[in-house]
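The values are calculated or read from the model by the stated rules, or taken from the named source; none is laboratory data. Since we're looking at a predicted model, the values are computed, not measured. Glycine also receives a Cβ, built like all others from the backbone with ideal geometry; neighbour counts cover every protein chain displayed. In case anyone asks, the SASA skips ligands and DNA or RNA and just uses the protein heavy atoms, side chains included. Shrake-Rupley method; radii C 1.70, N 1.55, O 1.52, S 1.80 Å.
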Amino acid sequence: MSQQTTIRKLAALVNTPVEKLLEQLAEAGMEFSGPDQVVTSTEKVKLLGFLRRTHGKAGKASEDAIAPKKITLSRSRKQELTVGGGKNRSTVDVVVRKKVTLVKPGAGDSAGTTAEQAAASGDDERAEILRKLEESRQRNLSEQQRLAEEDKRRAEEAAERKRKEEAEAERLRLEAEAAAAAAALPAEEDAAGRKPGHGHGHPKPPPRSDDRGPKHKTRGSHAMVAGVEDDDSAARFAGKLHLSAADRARRTSGRGKARPTRRQAEQSRSGTGFTRPTAPVVREVAIGEAITVADLAQKLAMKGGDVVKALFKMGVMATITQSIDHDTAVLVTEELGHTAVRAAADDAESELLAHVEEIKGETSPRPPVVTIMGHVDHGKTSLLDYIRRTKVATGEAGGITQHIGAYHVETGKGVISFLDTPGHAAFSSMRARGAKLTDIVVLVVAADDGVMPQTIEGVQHARAAGVPLIVAINKIDKSEADPSRVKNELLGQDVVAEEFGGDTQMVELSAKTGQGIDELLDAISLQAEVLELKAVPDGRATGVVIESSLDKGRGPVATVLVQQGQLRKGDYLVCGVQYGRVRALFDENGKQPDSAGPSIPVQVLGLSGVPDAGDDFVVVEDERLAKEVAQQRDAKRRETRLVNQAGNRMEDIMAQMGEGSGQLSLPLIVKADVQGSVQALVQALTALSNDQIRIHVIGSGVGGITESDAQLAATSKATVIGFNVRADASARKVIEGNGVDLRYFSIIYDVIDQVKQVASGILGMEIREEIIGTAEVRDVFRSSKFGAVAGCMVVEGVVKRSKPIRVLRDNTVVFEGELESLRRFKENVDEVRSGTECGIGVKQYNDVQPGDQIECFERIEVQRTL
């Protein structure tokens, strides 16, 4: 709407001074006090009439001037439009202005057209506007009529085209049926046979062409040949000539719908499209020793989340990337409605098994394998040294054997292979491994010490392995030796000597003087003859790893015991998860033999890594088979390790959470010279764990301490233990820079003692309460100063005034506090000993009664130990 007009604005609009305009308004009879007053439209018209009369122009009556004939209204509207998009986006302002003129109808002649009224009033502007409006209306009307005619014409053309297509389709269908009938007629005539008039064997004349019908049918610009079978491309483009009844019904019924795609059409013709199953699909799933949840879901054709949900319902917590064992996979497969079967063995393992079974030949006698067992420091290595005529025990750290030693000795009774096992309790796995490899066990017992724990363990290992036992009673040269005591103590282990009516040979000897050594060798030879030990001396070798280590100059070194065949230099062998080619063979004396036969221990160089002690080795034909077998075994071991780490049951996890709430941890890294020592150390140190502290070996291995071991210890704040190994220069730099705790050992006793001390320091101090005295209340006296004073007799220990006390009534604690006074007669004393009467005042407690007991105790700090 238009804004209000003041006198000042009106003066500027008509280009007249404000004072003159005020004078003119006053002369026209309108009084204004200032130039900022508002002038209405009526006042403007009145001023205009006054000025016309003043200047001699004839005007209409005042009432006509006061009441205008027309009113013009103006309105403007502003909008914003967004043009373009992205970087070219811009905003445009659009202003729409609208002007409307309203005319008051006259009181006289109202008839006639608007144009005539405009002409009569002489308003040319209004007449021009009305003319333009009329032209615009006519243009819109003609445009609408033209569009309606075009729509009608298009509809008629579409209807005509549809009618023509239907007629053409009907005509083509009739022609196709006629062509099919014409093609079937010659076949029926040939099936009916020749006519009698054509029995002379002349060839049948060719059929005449039908000139009555058109030879080609034309549709548009494409010509289609009738009576000729089309190929696939022609059938695709002109397929309507060869439609079956079902296809024709499907196409005619689907008219008006979306045309199917080429893939859908191909699936419809070939019958390979998806059909909804009418019953649940039961799949047969092959499962190996371990399988990941994702692979199992893929074999079941299910989502991984559904399999994980089923595992959770069974109580197994496993993610989609974790592995589960065979039994768990079978259970969840059957739970989901499918059938589980065990997967076939690996191809490489099957090929290796067949390769080993092929090793056959004539057997011949072989030397016996004898294992020396017994308690620590009973003379096992000294006995073997006397037989070998060497001095090995003096070179051992601490004089004790800490890994298996393998030797073969040529004696007057023949060749004998000896295995020397450690006697310390930590090397139980070594002794068990030695018992499994051996033919005969020689149990060494000191005549002055008798049967000890490792002696009993040796008897148990021999029985578990099912090998005969020979008892060697050593150190009979000592004055305190008592062989009868040893024999009687062995009776408690069901080891009965031959002189007592049993079947165990017992030989008294001295490894220092050599007394009885020949009798022991005779007993071993006799037992070997009874066993009739035989093996195949030729062919590819098989055997067992006794010990393994990592040498800085020679690489992985494995001490093996050949059980069958001949092990030669250059053979390819697979040993557990390691493989390689034999580069060199060494015996116990450092010599390099060309080959090693049955029951002969040798050192092998050339493996890809350090094998585990106790692994079997097999010589194979080529490196390819050895590598495949080793890789498959490594993958299977990794899957088994992942299964052990993952898939815990909820009950186990809750139990672990409850156990480890207040448990401390001591991380360790163990490096040793041989694999057997690593195994023994890890087992012995892990066994030291209890409810308060958990000893966790985060890393172990064979060989020197490397920089990676030092980095691991620095990040995990672990203690590094080097057993007969040392750290290299780069590792020492990392250890010194990060303050890593590094400790070297050569005796396993010291390792266990040091770890106990470290663990005890982590556990800290424990506060214990120790009762130092007890007093019995005989009577109670009332004192104005101390209240109730108990007359007591100290019945046990000593009662001290500075220590806390408890008041017991019927062996139940009723109060715990301090002593306020302790008197002997009338004197204050610091302590009262047993059998002495005293007066006791309990601080802030007056309910002491005769018959109560006052217990005095003290709190002491005790170092926690393992």
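What does the net charge come to around Tyr845 if you take all other residues with beta carbon closer than 15 Å to its beta carbon, with K and R at +1 and D and E at -1?
Numbers: positive: Arg782, Arg806, Arg809, Lys843; negative: Glu816, Glu818, Glu820, Asp847, Asp852, Glu855.
For residues surrounding Tyr845, the net value is -2.
What accessible surface, in Å², does a 1.4 Å probe find on His408, ignoring ligands, DNA and RNA and rounding to the nearest 10?
We get 50 Å² for His408.
Apply the Karplus parameterisation 6.51 cos²θ - 1.76 cosθ + 1.60, with θ equal to phi minus 60°, to every residue of the stretch 300-316 and state each ³J(HN,Hα) to the nearest whole Hz, in sequence, with x for glycine and proline.
Karplus-based 3J(HN,Hα) across the stretch 300-316 equals 7, 6, 10, 6, x, x, 5, 5, 4, 5, 5, 5, 5, 5, 7, x, 9 Hz.
Which value, in debye to the nearest 20, describes the size of the charge dipole of the stretch 498-560 about its Cα centre when Lys and Arg Cβ atoms bear +1, Asp and Glu Cβ atoms bear -1, and nothing else is charged? Present the calculation step by step, with values, prior to reporting the outcome.
Details: 5 positive and 12 negative charges, 148 e Å.
It works out to roughly 720 debye.
Going through the cross-link list Lys552/Lys591; Lys9/Lys99; Lys9/Lys132; Lys46/Lys99, which pairs have a Cα-Cα distance over 28 Å in this structure?
Values: Lys552/Lys591 19 Å; Lys9/Lys99 22 Å; Lys9/Lys132 34 Å; Lys46/Lys99 25 Å.
Over 28 Å Cα-Cα: Lys9/Lys132.
Net charge within 10 Å of Pro601 by Cβ-Cβ distance, Lys/Arg positive one each and Asp/Glu negative one each, not counting Pro601 itself? If you can, show how the numbers build up before the last one.
Details: positive: none; negative: Glu547, Asp587, Glu588.
My count for the surroundings of Pro601 gives -3.
Can you check how the C-alpha radius of gyration of the stretch 1-57 compares to 2.2 N^0.38 Å, as a plain ratio? Before the final figure, lay out each step's value.
Numbers: Rg = 11.0 Å, N = 57, 2.2 N^0.38 = 10.2 Å.
For the stretch 1-57, the normalised Cα radius of gyration comes out at 1.07.
May I ask for the distance between the Cα centers of the stretch 23-39 and the stretch 793-866, given as a whole number of Å?
Using only Cα atoms, the two centres lie 117 Å from each other.
Using the basic label-point model (7 angstrom from Cα toward the beta carbon), what is the Ser802 to Leu174 distance in nanometres?
My value for the distance between the label points is 13.3 nm.
From largest to smallest, what semi-axes in whole angstrom does the stretch 483-538 give when each is the square root of 5 times an eigenvalue of its alpha carbon gyration tensor? If you can, show how the numbers build up before the last one.
On the way: eigenvalues 134, 61, 15 Å².
Calculated on Cα positions only, the semi-axes equal 26, 17, 9 Å.
Which ³J(HN,Hα) values in Hz, rounded to whole numbers, follow from the phi angles of the stretch 458-466 under the Karplus curve 6.51 cos²θ - 1.76 cosθ + 1.60, where θ = phi - 60° and Gly and Pro get x?
3J(HN,Hα) across the stretch 458-466, in whole Hz: x, 4, 5, 5, 5, 5, 5, 7, x.
With a 1.4 Å probe and all protein chains in place, put Met793, Met373, Met765 in order of accessible area, largest first.
Values: Met793 35, Met373 0, Met765 95 Å².
If we order Met793, Met373, Met765 from most to least accessible, we get Met765, Met793, Met373.
What FRET efficiency would be calculated for the residue pair Lys313, Gln683, taking the C-beta separation as r and a Förster radius of 30 Å, to the nearest 0.05?
Numbers: r = 38 Å, r/R0 = 1.25.
The pair Lys313/Gln683 has a calculated efficiency of 0.20.
Could you check the spin-label model distance between Val103 and Arg859? Points 7 Å from the Cα along Cα→Cβ, value in nm.
For Val103 paired with Arg859, the spin-label model returns 11.4 nm.
If the chain between Gln145 and Ile767 were fully stretched, how many nm would it gain, using 0.36 nm times the residue separation less the Cα-Cα distance? Write down the numbers at each step before the final one.
Working: separation 622, 0.36 × 622 = 223.92 nm, distance 10.87 nm.
My answer for the length gained is 213.1 nm.
Give, in nm to one decimal, the length gained when the segment between Val14 and Thr40 is fully stretched (0.36 nm per residue of separation minus the Cα-Cα distance).
Once the chain is fully extended between Val14 and Thr40, it gains 7.8 nm.
Label-point separation (nm) for Lys552 and Leu331, each offset 7 Å from Cα along Cα-to-Cβ?
5.2 nm
Work out, in µm²/s and without decimals, the Stokes-Einstein translational diffusion coefficient of the stretch 812-866 at 20 °C, 1.002 mPa s, Rh from Kirkwood over C-alpha pairs.
Values: Rh = 13.6 Å.
For the chosen part, D equals 157 µm²/s.
Going through the cross-link list Lys78/Lys98; Lys303/Lys636; Lys413/Lys478; Lys717/Lys756, which pairs have a Cα-Cα distance over 22 Å in this structure?
Numbers: Lys78/Lys98 12 Å; Lys303/Lys636 25 Å; Lys413/Lys478 28 Å; Lys717/Lys756 17 Å.
Exceeds cut-off: Lys303/Lys636; Lys413/Lys478.
Between Lys826 and Asp728, how high is the FRET efficiency from 1/(1 + (r/R0)^6) when r is the Cβ-Cβ distance and R₀ = 56 Å? Nearest 0.05. Working shown, then result.
Details: r = 79 Å, r/R0 = 1.41.
It comes to 0.10.
For the stretch 747-843, place one equal point scatterer on every Cα, skip the solvent, and apply the Debye formula. What is log10 of I(q)/I(0) at q = 0.23, 0.24 Å⁻¹?
The Debye formula, applied to the Cα set alone, gives -1.24, -1.33.
Whole-Hz Karplus ³J(HN,Hα) for the stretch 526-532, in order, using 6.51 cos²θ - 1.76 cosθ + 1.60 and θ = phi - 60°, x for Gly and Pro?
Those phi angles translate into 5, 5, 5, 5, 5, 6, 6 Hz.
Kindly rank 309-318, 828-837, 698-707, 412-421 from highest to lowest mean number of other beta carbons found within 10 Å of each residue. Show your work: numbers first, answer last.
On the way: 309-318: 15.7, 828-837: 14.0, 698-707: 17.8, 412-421: 20.0.
Ranking, from highest mean packing down: 412-421, 698-707, 309-318, 828-837.
Pop the C-beta distance of Asn690 and Ser716 into the FRET formula with R0 = 22 Å and round what comes out to the nearest 0.05.
Details: r = 21 Å, r/R0 = 0.97.
According to the calculation, E is roughly 0.55.
Would you please state which residues of the stretch 824-852 a label at Ser784 would reach in this model, taking the label point 7 Å out along Cα→Cβ and a backbone N cut-off of under 17 Å?
No residues fall inside that zone.
Amide H to amide H, which residues 5 or more places from Asp538 or on other chains are under 5 Å from it, using H placed in the peptide plane?
So Asp538 has HN proximity to Gly565.
Between the DSSP loop rule and a limit of at most 15 other Cβ atoms within 10 Å, which trypsin sites (Lys or Arg not before Pro) in the stretch 699-803 are left? Walk me through the numbers before you get to the answer.
Numbers: sites: Lys717, Arg726, Arg732, Lys733, Arg743, Lys756, Arg768, Arg778, Arg782, Lys785, Lys800, Arg801; in loops: Lys717, Arg726, Lys785, Arg801.
Qualifying residues, ordered by number: Lys717, Arg726, Lys785.
Roughly how many Å² of Arg637 are accessible to a 1.4 Å probe, to the nearest 10?
My reading of the accessible area for Arg637 is about 100 Å².
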